[in-house]
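A.B. asks: After the structure tokens below, expect a handful of questions from me.
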């Protein structure tokens, strides 16, 4: 009989969240590492320092949270970092730079957490409201970069944002298919074990019937050989 490992819905959910969390942390680490060099090259030192002394420590904290499986703490750390980074970047170099795309990515990621639909809707409103507020109020910028550079940043952030979203969706689909295959394999093993148990049950029932028939046959032989009880009692003291 094969040993079938029972995987609860909670375990599947925790595994899925853990893998998503690793994907988010690794993506953030790679992106912000590139941002440090980019902003330093563009002369926007405030944003380079922001990534080096705020974003990177937050990401390392997020990685520690993943290892400890503090998924909810990771959500707070990640969303705080993305929110602060987007607001400060747009404040310094403008809405046209496209850093708001990462807020939209955050909206997609929030839908993976096992929150109630109302909580997910609130998260959409929060990120959407912050994005709208930045568009309405951040008209003046501290750094006036060349238009070609701003357009390049917009395209870069759009490609990275859409790429992360596409990779995230692909990863979600891949995990769902993997879990489905694992579940199908576990169900197949369980069915095989159930069939084996039913087969053993049938064999046990047949053996039990044979034993009962043997006992009944032995009783009949005993009745045929031995005299009746009344006759035995007459001759016994």
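A.B. asks: Averaging sequence separations of C-alpha pairs under 8 Å and six or more residues apart, then dividing by the length of segment 9-174, give the relative contact order as a whole percent. Please report the intermediate quantities before stating the final value.
C.D. replies: Details: 138 pairs, mean separation 37.5, N = 166.
With pairs under 8 Å counted, the relative contact order is 23 percent.
A.B. asks: Let me ask something else. Using the number of other C-beta atoms within 10 angstrom as an exposure proxy, rank 26, 130 with the fewest first. Could the numbers behind the result be given before it?
C.D. replies: Details: 26 13, 130 16.
The most exposed by this proxy come first: 26, 130.
A.B. asks: What's the angle, to the nearest 10 degrees (0 to 90), between helix 117-137's Cα axis and the longest principal axis of the chain?
C.D. replies: With rounding to tens, the tilt is 10 degrees.
A.B. asks: Please give the Cα centre distance for segment 112-190 versus segment 44-109, rounded to the nearest Å.
C.D. replies: Each part's Cα centre sits 13 Å from the other's.
A.B. asks: Let me ask you something else. What angle do you read, to the nearest 10 degrees and between 0 and 90, between the alpha-carbon axis of helix 147-225 and the longest principal axis of the chain?
C.D. replies: For 147-225 against the chain, the angle is about 0 degrees.
A.B. asks: For the chain, take the longest principal axis of its alpha carbons; what is the angle in degrees between that and the long axis of helix 71-93, to the nearest 10 within 0 to 90?
C.D. replies: 20
A.B. asks: Could you put 95, 72, 115 in order, starting from the residue whose Cβ has the fewest other Cβ atoms within 10 Å?
C.D. replies: On the way: 95 19, 72 11, 115 14.
Taking fewest neighbouring Cβ atoms as first place, the list is 72, 115, 95.
A.B. asks: If each residue of separation counts as 0.36 nm, what is the full-extension length gain between residue 84 and residue 148 once their alpha-carbon separation is subtracted?
C.D. replies: Gain in length upon complete extension: 20.5 nm.
A.B. asks: Tell me, in nm to one decimal, what length is gained between residue 140 and residue 192 on full extension, where the rule is 0.36 nm per residue of separation less the Cα-Cα distance?
C.D. replies: Fully extending the segment from residue 140 to residue 192 adds 11.8 nm.
A.B. asks: What FRET efficiency would be calculated for the residue pair residue 167, residue 199, taking the C-beta separation as r and a Förster radius of 41 Å, to the nearest 0.05? Mind dumping the intermediate values first?
C.D. replies: Details: r = 48 Å, r/R0 = 1.16.
That pair, residue 167 with residue 199, gives E of 0.30.
A.B. asks: Express in nm, to one decimal, how much length is gained between residue 181 and residue 15 on full extension, taking 0.36 nm for each residue of separation and deducting their alpha carbon distance. Provide the component values of the computation, followed by the final result.
C.D. replies: Details: separation 166, 0.36 × 166 = 59.76 nm, distance 1.50 nm.
Additional length available on full extension: 58.3 nm.
All of the numbers you see were taken from the coordinates with simple rules; none came from a lab. Remember, it's a predicted structure, so these values are computed and weren't measured experimentally. Cβ: placed from backbone, ideal geometry, glycine included. Neighbour counts: every protein chain shown.
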